[in-house]
Structure formats: C-alpha cells, structure tokens
Number of protein chains: 2
Amino acid sequence: MSEVQVTFQPSGQRVFVLPGTSLLEAAGRVGIILQTPCGGAGTCGKCLVKVISGDCNAAESCDDTLSDDLINQGYHLACQTKVMGELVVDIPEESMFESRQQILEDDLGAELEVNPVVYKKYFKLDAPTSTDDRSDETRLMDAIGEVEVSIEQLRCMPSLMRNNDWAGTAVLSGDRLLAVEQGDTSGKVYGVAFDIGTTTVVGTLFNLLTGAELAVESQMNGQIAHGDDVISRILKVREDTVALAELQRVIVGTANDIISSLCGKAKIEHDHIYEVAIAGNATMQQIFCGLNPAALGEVPFVQVFDRSLTLQANKLGLLVNVGADLFVMPQIGGFVGGDTVAGMVAARIDKWDKPVLLVDIGTNGEIVLCHDGKLLATSAAAGPAFEGARITQGMRAAAGAIEKVIINGDVEINVIGNVTPVGLCGTALIDAVAGMLRAGVLDETGRILSTDEVDSSMSSLLKDRLIERDGNVDFLLAGTVEKNPIYIYQKDVRELQLANGAIRAAVNILLRRAGVDPADLGYVLLAGAFGNFIRRSNARRIGLLPQVACGAIRFIGNAASLGAKLVLMSSNERQYADELCKRTEHIDLSLDSEFQMEFGMAMIFPDDDFDACIDE
Amino acid sequence: MSEVQVTFQPSGQRVFVLPGTSLLEAAGRVGIILQTPCGGAGTCGKCLVKVISGDCNAAESCDDTLSDDLINQGYHLACQTKVMGELVVDIPEESMFESRQQILEDDLGAELEVNPVVYKKYFKLDAPTSTDDRSDETRLMDAIGEVEVSIEQLRCMPSLMRNNDWAGTAVLSGDRLLAVEQGDTSGKVYGVAFDIGTTTVVGTLFNLLTGAELAVESQMNGQIAHGDDVISRILKVREDTVALAELQRVIVGTANDIISSLCGKAKIEHDHIYEVAIAGNATMQQIFCGLNPAALGEVPFVQVFDRSLTLQANKLGLLVNVGADLFVMPQIGGFVGGDTVAGMVAARIDKWDKPVLLVDIGTNGEIVLCHDGKLLATSAAAGPAFEGARITQGMRAAAGAIEKVIINGDVEINVIGNVTPVGLCGTALIDAVAGMLRAGVLDETGRILSTDEVDSSMSSLLKDRLIERDGNVDFLLAGTVEKNPIYIYQKDVRELQLANGAIRAAVNILLRRAGVDPADLGYVLLAGAFGNFIRRSNARRIGLLPQVACGAIRFIGNAASLGAKLVLMSSNERQYADELCKRTEHIDLSLDSEFQMEFGMAMIFPDDDFDACIDE
C-alpha cells in the first residue's frame, strides 16, 4: 500500500500517510493539533475541517453531528474521516488546539484572560509654574495614579519630561513604573513566552493588549554542545566552576536569538517587549537564572527554589526593555519542574469534575493526579527509549523512521517521508509491542515467542517474521532478513518494558496514595510532544496508560508552552501557578521501596485489552 | 574683664567665657546642648549639672526646683548658674539634649522607638533527606517565616547552606531577605544616619538592636571644591554633563570615608551595616542619588521627587552590606528639603497642643508652621549674613570671632578662644544690633544715629563709639579707631536687615495664611547649628523671631540629624516622615507679590521689646 499526500491549508504543510489514516492523525503528524474534547468519538464536533479537493471517507456518525449545511459546504470531522487518496484540506482556526481555548472554554467554561501585568498610559502634563511647583514624580503620579518609581526611572525623568514638552507614555507593571517613553507608544506592548526544553527552546511573541500571537520561533538549546540531557549538564557544573556561568550565557544567548528573530518577523522593537515568561524543567530554569543545579544531580534531588520568581530580565542579559520583568514558573520538585506546573495551569488540573491524571511522557515522565482538590505529583525516569534511544534500530521521529505499525494478520507500517525505512521511533515501538501482544507473538512477561510456541492458528505471514538466533527471537518489522531489515529485537522489548514500567509504576503509586481506582479516573490528559502522537489504545494495551475509555484520554498538546503563554498574559494565572505548586504534594519515588516493588510488577504487560479507540 | 576657663566632664571639652555667663550657654559653646524644655526658666530641672570644683553663682530659684539632697551633692541648674571663675563641671547624660529624649518624652510623652526595619534570625536547619526534599528556599522559609528572596540571595544559598552544615544567620528587612551569613551573627546589626549638609556631613553609627549610639564622625562635604553653596553646584551640573556623576562620586566618597572611620572607631565590619538613612536639602539629596538637580536652580525650583526613597545602598557605591538599603528623606519643595522633614519628624511638629513654628535659620531659612493639624512650610533666602559673610568684618564662629555682645552703658564682648578679636560672627551681629536698638544708637529703619541725633542722656562711652565718616555712622564694637578696631558698619546693618527681613516676612506670611496671630503661637522651635546659639531675646528684638515669651522659644538642637536617626531606627518613623511631607502645603514665596511687600515692611525693626530671657 503506498502513501498519499495530504496538504493542509492555510499553512500549506504536507504529509504522506497510508490510506485509511484519520485526518486527525495526519494533521497531528505535521504538528497541527486539533481540538478533540470528546477524545475523537465524533460527538463534540470540534475537529471540524473543510475538504477542498481529493478523496476521503467520512464515517456515518458525522451526519448526526454536523448540520446538512456544513456537510454541503464540505465540512468533515477530522476524527471520523479517513484519507483515501491525495487530499487538500482547510483547517479553520477554531478547530486548532493552539487557539488554546479548548480546555479553558469547552471543558471548563473559563475564558482566556488577557490581563497582563504590564500596561501603558499616555500622558500630557502641565509644565511647572510658580504656583505649581510639584515635583516631577508627583506631577506624573497625579496624571497616571500613585505608583512605585525606581531610582533609574527618577534619573531619566527630569530631562525626558523637559525635552518632550511634558508628554509621553508611562509603562506600568502592576503598581510599578517600568519606563517612561517619548511620544505615544501606548499601542505597543509585547511579551514573549518561552518553553525552555533540554533540547529545544520555543519562544512565542504576543501582543499583550489583545492577546494575539504574533510570531513563533524555535531553536536548538545551545547547551546541547555541553551534553544531551540534564544530568550531563549538571555534572559539568559540578566539575567546572565556570560552567554554570557558561551554560547560563548559552541559554540566554539562545533566548536572545529567538527574541531577535521574533522581533524581525513581527517588525517590532526589542524595547517594546516588557514581559518575558519561561517554563522549563528545574535544571533548565535554575541554569537560566544562574542558580546552581548541582543538588539536582544527586539524591534527594533538591531544588533551590519552588515559588515563582520575578526577576529583572535585563539583569540576566535578555535583550528586551531595560525595565522588563522575567517571570519564572514555580517548580514542585527536582524532576517535577516549571514545565509541569505550566502544564497543570494550562490543564486547569484542579477544575475537573472527576479524578484527573496529567501525564507527560518523555525521558523523564511527569505525572500529576488531582482528586477531590488534592494534588499529587511525581516523576519517573523512563529513560530515552520512547525517543528511540537504546533501541537497536531506534531513531527520532525524522524522515525514514517507521512511526506507525498496525499488526493485523500481517504488518503494515507508515514511514515518515514515505521512503524506505531506516529505523523506528517511539510511537512505532509502542504500536509494534501492543500489536505483538494482541497477535500473541509476545507474552505478558515480554518474551517474543518462537514459531513453535505461538498459537498454531497464527498467520504464516506473521510466523515468518519470528527470527530465532542466539536463543532469542526477534521480530522482523520491515524489509527482509536479507535486505533493509528492521527488527523489534527481544532486547528492545526489554528496554520498552523498563521505560513503560517506570511510568506505569509511578501512575499506580499515585493512584493508590490518593485512593483512586483506575476505573474511577475521569480523564487522562496527555501533554507534551510525544504524548500527542501515540496511539491511545496501544499505549493503554502495554499499560503505559491506565485502562480507561478512549473518550477519557485527551491530547492537550504542548501544555507547558500553553501554560507559559497563560502566565505571560495574566497576573491571575501567575497566582494560580503558585497556588497549584504550593498545594501539590511532591512524591519522590527515587528511593522508595514501594516503587521498586511496583516497578518490578509493572514490567509485566497487562493481560487484558480494552475498547479500541475508533479514531486510530 | 578677663575670661575664665570652664571644663566639661566626662568629655573634657574646654571653653573660655566671661564671668557671668550661664553654664547653659558655656556648654552650648562647645556643642554640648542641654535640655531646656522650660526655655531656661529654671523650672523644669532638666539641665542638671554637677559642679566638681571652682567658682559659680546659682540663682535662688534653683533652691525651689532642686532637692536638698541634689544641692548637697553639688548639682546645679545650668540655666540658673553663672560662671564666676575657673570651673570643672560634670554633665550627666540625662541632661544632654543629644540623649534625644527631650522632645519625645518630656514634651509629648512619646518614647523613642527602636523598631528598625532590619533584624536577624539565627537558624539551624535539617539537612535534606529522601523523605524531605524541600527546596533550599522553602527549607529556610519554614525556619524563619515566609519572606521575599532576591535572585542574588538564591544564588548564594545552595553552597552557603551546604558548606555550613545548614546553619547560619538570616538578615531580614521587613519581609525581605537581605542576606544569609555564616555562623551566628545575630548580635551584629548596625546602621548609619547621615546629615548631609552643603558644607559638613555628619554620620552617626548605631546599634540597631539596642538603639545605642556607637560613634559619630563629621567631615567636610567633598563637594566644597566644586562650589560653596547649592546654587554654584547646580550651575556646575547645568554647564557640564559629567558634573552630576562627579559630584555624586564625591559625596558618596565623603560618606564612605565617614563609614570607614565609624567602623574603625566602633570596631565593627562594614558588612554588618544594613541600613543607611540620609537627610539633606533637596540639592544634596538629589545629587547623592544621582538625580539631576538642574531644575532646582531656576524658577519654579522643581524637585525630582518628594516621597521618601528606599534604594540599594550598594548600587550607589556605599561601602556597606551588599543588601543594605538606603533611606532618603522625603522632601517638600525645592528649598524645603529632607533636612526640614527630618526636623519636623524630630520635633513631632504636629503633636503640640498649640500652634507651633519650626525655624531653621541659615543661608536658606526654612520655616514650618503647624496649626490645628494643618502644616505649612516655606523657605526664605536669607543669604550668608548670619554666617558672617557679606558683613565687613564678619567671620564664621571660629577662634578670634566676637560671638557675644552686651550693650549696657558700654559694650561687653566675648571672643572665641579668649584672644584679641579679629571679626564678629552672626550671633554677635544680632546681639549688637539688638543692643544698639535698645540703647537708641540705631533707629527702626536701621540707620545708625550720629552723636547729634542720639538722646542726650546716652553715656559718653557709647557716644564715643559712633564714628562718622563719608556721611554714614559706624559703630565701634571693639578695639580703638587706631588699633584693632572692629566695627558694625552702617552697611552691615543693612545686610542684617535683608537677611532678617526675609525670615521675618516668611514667618509673617505663614502666620497670616494659617490665620494665626503671633501672640497665639504656643512654641517657636529653633533648629540647626545657628539657631541654637543665638540669644532668643535679641533675635526677638530685631524681629527675627516673633514676639513670644522666652519659655515658648525652645532650642531643639540639630533636629535634621536627630530626624535621620529616628528614621534609621524605626519603620514607623519613616511612615511618619512621608505622612508629614504629604500633609504639608508648600508655599513658594520666591515670586510672590505679597512676599515682596511683606519683605519691605519686615526690613523695619519692631519698635517694641518684650520680656528679657533670664537665662541669657
């Protein structure tokens, strides 16, 4: 079966997918995350897309959800529509998750608040006279209200006032005067939200008056040159006294490059950026702020701060207005950092009507449970298996990577870029292992069975893929033994079991501590890049996700990034972040004996399967 | 009559005075200001001194005020006791004004509050464990309470905690963490109050735990090299773009020299100074803070700020703890600065039971009136006549200066240092002019009469002192026409009339604006170095002070310096300073037509005289 091309408008992004792939999934492959509050059941009508041309196949359930009028205009539900041939699709902005209203409005009825800390006031003052000798400061306060004025601002005031005919624009942050500018600049108030990842840094520029997103820019975290993961960077700091300053310089440099690019794209001045917010893991946040992360590198993984920080951006070297503030997310524990809190804020974690689990799967998995207003958070060191590392033929989700596997009598695969596969990425590994379990190729302990051991009814196509050597059985996923073979090695399954078991054990312990039965979980929210591309039913089959209905498993996109945007935009969200952080009990499992036992048990795959998710 | 030496213990200070001088005045001559809440009437018993040896003459009124026991021990009232010969006197600390309880306790019943913003807490924390992974910040907060922590403090925290066994001393300023120090330094909390004069800078070091004064140091303001008065320094700033930075560097340098000297005297470390407070005129305060004073040099004399400032002392270059704050007094108007507000604070200006006038006489006279809770303040440019400048034979109150004149049939003088006089200082000028008015040598318009014009009954000794030349008459104060003559020239009287008239006109206008009759004034408080050395009855005779009873005229010493100490010691006093400043209506007389008329009238000396002050 050959892949077909789908083009998404208005962005023009393209992707090759197998016929039968849902439009929802196809869009997700190019980073377009659609709204799916119903979990892809075809009932909420939020993932509306318009087919411009080409061949697709809509489920009948669409007819119940969509009006005739919409259907006649070519609208489809992306979750219920399968790609059949080459296709051009238009995505309305309202359907995109990144309009970031989904959780806020659809599920909780909350409105996105544009209530930034920074605002401006244009003023025109009377010049002093012999009967009006008010001080420069009081003269300004009488016009704009009583505010706190720094000595730096006072120093600029006399000449600025007198050289500009006593008119100008005051920039205020809460009850503090940030700056006084020449002329009327009251329409120019910008801010940047940063998602500081260990690998990638994403900055988004906003108009703080309207809340409009003006530009996005992402770059590799410059610290990559000093080590791939947080541990190697922490070790660097422990070994070399100047490494902290150097790593800080590098990440601030990356942020400044992004800021410059954003300013260029949106044609605004650096000086009109008055707010910066960052969210990252504890190590990234501490290095950004020049706070030694050494204690994060050894038991018991102690962070320097937990409450949010508000710093002078200028002092850290950020190329923004000299008075601009930098808001740094609060952080819960050594491995439950500001990115997790940002995700909690975006997910409105404490506002759901049933117990809710927030899961961000990665090298370090972060898991938060909210039940009855009580918040528990923990982390699990899953290792890099989900990113393809330590897997024999594993690779990142790049061109040539198998990213999807369907086992149904035989094996179907989907390769990024529609080329001959050279390896497989994490989502494909999960698909493959889930499929192998269902097909009976793999037993609950994670052993790949030999042709002698499998059920005799198994198709010979599958049996032929069981390659025995050195006392182990490996599973041939693509190619042939002779040409371009891609295997799931027995060893790879073990690696997955370790990663999967760590997350699963952590989830189980949180649920047990909170007295919540997995069946009572109302919602499982999947955050982060990886979580948003996994097939829910497969992740559930291997036990990575609890046994809950598909509708309860929701993709919430890059929640950390969304959280950073929310706090950038509103002082209430900042308070909310601090409040959530303070209320959350941090559970450190690294030395927990209960965890060791649970981890051992969680290595065994569940023996039951649940309903299939129809959108996958 | 030759002068006799008086020695004051325990300081060992010495002074030469004419026999008949009161001990109160003799002490004042060496800067020992005694408490005189009754105005020197001999009724309050506060100026108690103990005569160790020598010859003195106590008024009978002492017997009524002092117990037999005290009298038998050698105690006398300084205001009622005249020096007759060489004398050694012990001054109990309670009698000294500088114990600064006078106004607070005696008159108002208020207690000196030692409630500094800065305090310390020693802590000993539990080290982190696997079941206690609180952040460094939270671990500390749990011990010392929730406080604001700067990024700089967070940066020091990890290594400081881990290198010192999780023990140390937190330095707090209100709800803000200033510093964390190794070991237990909780007993070491110091502060410095500065009185920043245009000519002289005085710094006083305090123990902020006990309120004890540890050392005093005064130095010439280094800015003297850039001009004698504020106007010349403002002109410098207007002419030269780097002058502001240079003048600031110089005054901060003077302050640092004083701080180093104080630390040496008291054997403490610079790092244990956590609070600095300054009081000065608007120009001095603004330059100290790097705020351009240019607008203070031209009509309408606008200052940059009025509310108090709290700055980081370290940022201005002060050699104190890196986290220390600098408190800068609020200021009312271009020529009613932080020193005046400090004086108002010290004088508890709004707490008296009758209308009260606060007068600080100098090159720039500052006058504050409080009546019925309403505060009015103004300034009058008296010029330097009171400091001896522009007076033909005028000089500062230094050795060789006539500092006291009594005209009673003939002229008696007192010379500083008991030497042949070489000139006269401001107090002597006032004495002389008042005496000349009383003797009929001078008429109300300020004209020195010729021998033909004076009353025929005048003693020939006085008549012989009227020296006619060039159509004017000058008054020979000391020496002879041939040898070492010291004159009061007609021109000098005119200079005094100008200075005197400016102050008097300002006082009159304030009284009129507030609807207060001079006779209703309950108190006239004399602040500042000059005010504390004038003879009240003489200052009143020439109209410099209103016509009120001696008991109502009180010397309150260096009120600006005292005010700076009060705000250093207590956050309530800081609020009080801001509140007083805000409540005070500033009246700028510089362009006021009413002032021009009043000034003309005030040049004429009053024609009436009042009761003599018995202590003079």
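Any read-out appearing in this document is the output of simple, stated calculations on the displayed coordinates, not a laboratory observation. Not measured: the values here are computed from a predicted model. Every residue, glycine as well, gets a Cβ built from its backbone with ideal geometry; the counts of neighbours run over all protein chains shown.
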Next on the checklist: Test of understanding: extend the Cα→C-beta vector of residue A:257 to 7 Å, then name every residue of the range A:212-240 with backbone N under 11 Å from that spot.
Outcome noted: A:218-225
Item to check | Value of [θ]222 nm, deg cm²/dmol, for chain B, DSSP H segments ≥ 4, -39500 (n - 2.57) each, nearest 500 | outcome: -8500 deg cm²/dmol
Checklist outcome for this item: If one compares the long axis through the Cα atoms of helix B:338-347 with the longest principal axis of the Cα atoms of chain B, the angle in degrees, nearest 10, works out at 80
Next on the checklist: Distance cut-off 25 Å, Cα to Cα: go down the list B:121/B:267; B:50/B:354; B:124/B:188 and report the pairs above it.
Outcome noted: B:50/B:354
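Just tell me how shielded B:159-167 is by partners: mean number of partner chain Cβ atoms within 10 Å of each residue's Cβ, no decimals.
1
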Item to check | Pairwise Cα inverse-distance average, inverted: Kirkwood Rh of the range A:4-99 (Å) | outcome: 12.8
Checklist outcome for this item: Most packed first (mean Cβ within 10 Å per residue), the peptides A:5-17, B:544-556 order as B:544-556, A:5-17
Checklist outcome for this item: Summing +1 per Lys or Arg and -1 per Asp or Glu among the other residues with Cβ less than 11 Å from residue B:279's Cβ gives -1
Item to check | Protection-proxy order for peptides B:158-168, B:360-370, each taking the mean of Cβ atoms within 10 Å per residue, highest first | outcome: B:360-370, B:158-168
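Using only atoms on other chains, find how many Cβ atoms lie within 10 Å of each Cβ of peptide A:305-317 and report the average.
Counting Cβ atoms of other protein chains within 10 Å of each residue's Cβ and averaging gives 3.
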Item to check | Footprinting exposure proxy for A:310, B:210 (fewest neighbouring C-beta atoms within 10 Å first) | outcome: B:210, A:310
Checklist outcome for this item: In debye to the nearest 20, the charge dipole size for chain A, taken about the Cα centre with +1 at each Lys and Arg Cβ and -1 at each Asp and Glu Cβ, equals 1000
Next on the checklist: How are the alpha carbon pair distances in chain B distributed across 20 Å bins from zero to the largest one, expressed in percent?
Outcome noted: 19, 49, 26, 6, 1, 0
Item to check | Lys/Arg +1, Asp/Glu -1 at C-beta; the range B:118-181 dipole; positive extreme among B:157, B:128, B:138 | outcome: B:157
Checklist entry - Using Cα atoms only, what is the angle between the long axis of helix A:230-239 and the major principal axis of chain A, expressed in degrees (0 to 90) to the nearest 10? => result 60
Next on the checklist: Just want the ordering: A:29, A:176, from fewest to most Cβ atoms lying within 10 Å of their own Cβ.
Outcome noted: A:176, A:29
Checklist entry - Does the range B:393-488 come out rounded, prolate or oblate, given a ≥ b ≥ c as the square roots of the eigenvalues of its C-alpha gyration tensor, rounded meaning a/c under 1.5 and, failing that, prolate meaning a/b above b/c? => result prolate
Item to check | Charge context of residue B:313, other residues only, Cβ under 13 angstrom, K/R +1, D/E -1 | outcome: -2
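Shielding by partners for B:290-297, please: the mean number of other protein chain Cβ atoms within 10 Å of each residue's Cβ.
Taking the mean over all residues of the peptide, I get 4.
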Next on the checklist: I'd like the distance separating the alpha-carbon centroids of the range B:360-424 and the range B:487-507, in whole Å.
Outcome noted: 11
Checklist entry - For the residues B:75, A:274, B:489, what sequence is obtained by ranking on other C-beta atoms within 10 Å, fewest first? => result B:489, B:75, A:274
Next on the checklist: With the cut-off at 1.5 for a/c, could you classify the protein assembly as shown from its C-alpha gyration tensor as rounded, prolate or oblate?
Outcome noted: prolate
Checklist entry - Do any GluC sites (Glu not before Pro) in the range A:428-516 lie in a DSSP loop with no more than 12 other beta carbon atoms within 10 Å, and if so, which? => result A:444, A:482
